[in-house]
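**Q** This is the structure I want to talk about, given as C-alpha cells.
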Amino acid sequence: QVTCIEVVEAYVERIREVNPLINAVVKDRFEEALQEARQVDKLLSEGLGDDYLEEKFPLLGVPVTVKEAFSLHGMPNTSGLVNRRNVIATSDATVVSRLKQAGAIPLGVTNCSELCMWYESSNRVYGRTNNPYDLQRIVGGSSGGEGGVLAAACSVIGVGSDIGGSIRMPAFFNGVFGHKPTTGVVPNDGQFPNAHGVRTSYLCTGPMCRYAEDLELVLRVMAGPGVSKLKLNEKVSLEKIKFHCMDHDGGSVFVSPVDKEILQAQKKVVEHIESDLGVQVQRVAIHKMKYSFQIWSAMMSSKDSNGQEAQRFTDLLGDHGKPVWPLWELMKWLVGMSSHTLPAIALGLTEKLMKLNQSGNAKLVSMGKSLQEEMEALLGQDGVLLYPSHPTIAPKHHSPICMPFNFAYTAIFNVLGLPVTQCPLGLGSEGLPLGIQLVAAAYNDHLTLAVARYLEQAFGGWVLPGKV
C-alpha cells in the first residue's frame, strides 16, 4: 500500500522529530537509507512475485537501527570510548551483514554505555540518552539507544548485545520486546568490545523489536545457519507448557527489593495464564538465585577451559593505549579531568578487588554450575519460568550508581546460558513500562517467543510514549 521510500522517509522524519529529546541515534545514514529504499522500490516494480521476494529478502525495505558497538560500514564504532572517537567501521558485523542481505535498511547507529558495561547509556563521546516515557529517566544499558529508539517509534528492529542484561534491561525500561538467545547460536563477530576467554559463552547478540512476532523472524536472519540448533519450526501448544513463577531472587543484600507494581504485574500474568489456559503455574524458590550477582561476577572473571584469563576491563578502557589506573582515574574524575565515566572507573576498581578472593570465586563458580543443572532440570523441554526483569521500573538518571548490582536479575541467565525473552506488560501508575522475563532451558527459544506473543495479545505489548 505504501512505497519503501515513503516508509523510510516517515522513519527519518520521526527520528528528526524526537532524537533532539532522547539522543538515541548518535550517527545517521539517512541519505544512504533513502537511496537503498529507492532500490527496493525498483526491485518491487520488476514484479518478481511476493513468494520469491519473501523467501530471498524476508526483511525487504524494513528500517532498522544498530547499537553503535557493532560495525556498520561507514559509521562510528567507539562503544562510547573517547580514545576511539575517530574509529569508523570499514565493514559490517556478521549480524548487520545478514540483516542487510535480508533486505533491511539501516538508518543509523544508537548510543550505548562506555564499553557496554553499565546499565545507563551515557558516555563522554555522545552524552546521555533519555527515556521516551520520561526524559528524566534512563533507557538502560548497554543497548539503551536501541531501547529508546524503538520505544519512540523511530525504528522497527534493533540490533542489541547482552552479557549481563544489555538487551533485556533497555527493552524493559522502554516497554519493548528483547530476546537473549541461547548462547552460541547468533554470531558475536564485529562488535567492540567482543568477548574473549570464558566470556564467549556469556555474550549474546539478539533482536529488539516493538512487536513480539518480529522477534522470531529477525532471530532467524541473525542466526543464519546456526538457527538449525533451535526448534523454531516446532508448533508450541501453550496449554502443554509447564509454567513456573518466582517473584524475587530471595533477598540478596546487593540488590533492591522488587517494586510492588512489578510484582502486581507478574501476579496478573500468572492469574491470566491459569484462568485462560487452565494450567497451574508452579511457584518455585531457587535458593542460589540470591547469589546471582556474586555468581555472575565470579564466572565472568574465571579462566576458560584452556586456563586463559578473562580479559581485564582496565585493558579495554586503555584500548591498546596506555594502561588505565582506576584509582588515578577516580582522582581525575573528582576534578573533572577524566575521559571516562564514573561507572567504568568503579568497575575497574571492583575488578581489582575480585582478584583478591580467588578461593571465594572458585566456590561461586561451582555454585553457578550447580544452579545451571538445577535450572535445566526444573525447566526441562517444556518449562518456562516467569521472573522479574529488574527490581525497579526505569530509574532516574545517575541513580543506578547507588544500586549498581540491580542488573543481577538479568545477568544470572547469561552465565547459565539460557534463552530469555523480555516482554512488556503495559504502563504502571507513573506512565512507565512494566514487564517480565520469560526463561526456558537451552535451545528452547521457541517456547519463550511463543509465550511473548501470547502475553502481547493479553496485555497489549508496546504502548506509544505520550499516549494516555
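**Q** Just to check I understand the Karplus step: with θ = phi - 60° and J = 6.51 cos²θ - 1.76 cosθ + 1.60, what whole-Hz values come out for the range 39-54, glycine and proline as x?
**A** Computed from phi, the couplings for the range 39-54 are 5, 5, 4, 5, 4, 5, 6, 7, x, 7, x, 4, 4, 4, 5, 5 Hz.
**Q** Quick one: grab the alpha carbon gyration tensor of the range 209-249, order the square roots of its eigenvalues as a ≥ b ≥ c, and give me rounded if a/c is under 1.5, else prolate or oblate depending on whether a/b is larger than b/c.
**A** Details: a/c = 2.01, a/b = 1.59, b/c = 1.27.
Since a/c reaches 1.5 and a/b is larger than b/c, the shape of the range 209-249 is classed as prolate.
**Q** Per residue, what accessible area does the chain have, given a 1.4 Å probe and all protein chains present, in Å²? Mind showing how you got there, number by number?
**A** Working: 19130 Å² over 468 residues.
Each residue of the chain exposes 41 Å² on average to a 1.4 Å probe.
**Q** Where does each of 414-422, 429-437 land if you order them by average Cβ count within 10 Å, highest first? Working shown, then result.
**A** Values: 414-422: 26.4, 429-437: 20.6.
The packing order, highest mean first, is 414-422, 429-437.
**Q** Let me ask you something else. Putting +1 on Lys and Arg Cβ atoms and -1 on Asp and Glu Cβ atoms, find which of P58, V236, Y126 reaches farthest to the positive end of the dipole of the chain.
**A** Final value for the positive-end residue is Y126.
**Q** In the neighborhood of V420, defined by Cβ-to-Cβ distances under 13 Å, what is the net charge if each Lys or Arg adds +1 and each Asp or Glu adds -1? Working shown, then result.
**A** Details: positive: R168, K180; negative: D162, D445.
Once positives and negatives cancel, what remains is 0.
**Q** Taking the highest mean first, how do the peptides 377-389, 99-111, 211-223 order by number of other beta carbon atoms within 10 angstrom per residue? Walk me through the numbers on the way to the answer.
**A** Numbers: 377-389: 19.2, 99-111: 25.0, 211-223: 21.0.
My ranking of the peptides, most packed first, is 99-111, 211-223, 377-389.
**Q** Continuing with the same structure: Can you tell me how the range 362-462 classifies by the Cα gyration tensor, rounded, prolate or oblate, using a/c under 1.5 as the rounded cut? Don't skip to the answer; put the middle values down first.
**A** Working: a/c = 3.32, a/b = 1.17, b/c = 2.83.
Oblate is the answer for the range 362-462, as a/c is 1.5 or above yet b/c matches or exceeds a/b.
**Q** A further question on this structure: What is the set of long-range amide H partners of K231 at a cut-off below 5 Å, with H atoms built 1.01 Å from backbone N?
**A** D445, H446
**Q** Can you give me the P(r) profile for the range 1-40? Cα pairs, bins 5 angstrom wide beginning at 0, each as a whole percent.
**A** It works out to 6, 24, 29, 21, 13, 7, 1, in whole percents.
**Q** Listed here are the pairs K56/K231; K242/K267; K229/K369; K242/K288; K235/K288; K67/K242; which of them are more than 24 Å apart at the Cα? Walk me through the intermediate numbers first.
**A** Values: K56/K231 21 Å; K242/K267 17 Å; K229/K369 22 Å; K242/K288 21 Å; K235/K288 33 Å; K67/K242 35 Å.
Checking Cα-Cα distances, K235/K288; K67/K242 exceed 24 Å.
**Q** Here's another thing I want to ask about it. Convert each backbone phi in the range 442-455 into a coupling constant with the Karplus relation 6.51 cos²θ - 1.76 cosθ + 1.60 (shift: θ = phi - 60°), then list the ³J(HN,Hα) values in order as whole Hz, x for Gly and Pro.
**A** These are the phi-based 3J(HN,Hα) values: 3, 6, 9, 4, 4, 5, 5, 5, 5, 5, 4, 5, 5, 5 Hz.
**Q** Along its principal axes, what span do the Cα atoms of the range 104-174 show, with the longest given first and each in whole Å?
**A** Sorted from largest, the Cα extents of the range 104-174 read 28, 25, 24 Å.
**Q** Starting from the coordinates of the alpha-carbon atoms of the range 4-459, obtain the Kirkwood hydrodynamic radius over all distinct pairs and give the value in Å to one decimal.
**A** Computed over the range 4-459, the radius equals 22.0 Å.
**Q** Step through the residues of the range 16-27 one at a time and calculate ³J(HN,Hα) from phi using the Karplus curve (6.51 cos²θ - 1.76 cosθ + 1.60, θ = phi - 60°), rounding each to whole Hz and writing x for Gly and Pro.
**A** Coupling constants for the range 16-27: 4, 6, 9, 4, x, 8, 9, 6, 9, 7, 9, 7 Hz.
**Q** Tell me the carbon and sulfur percent of the accessible area for the range 397-468, rounded to whole percent, probe radius 1.4 Å. Intermediate values should be presented prior to the final figure.
**A** Values: 1270 of 2130 Å².
Answer for the range 397-468 is 59 percent, counting heavy atoms of protein chains only.
**Q** Taking the simple approach of a point 7 Å from Cα along Cα-to-Cβ for both E55 and E31, what is their distance in nm?
**A** So the two model labels end up 3.8 nm from each other.
The values are calculated or read from the model by the stated rules, or taken from the named source; none is laboratory data. This one's a predicted model, so the numbers in the text were calculated from it and none came from an experiment. A quick note on method: Cβ atoms are made from the backbone with ideal geometry, for glycine too, and the neighbour counts reach across all protein chains shown. When the accessible area is computed, the model is the full protein with side chains, heavy atoms only, and any ligands, DNA or RNA have been set aside. Shrake-Rupley method; radii C 1.70, N 1.55, O 1.52, S 1.80 Å.
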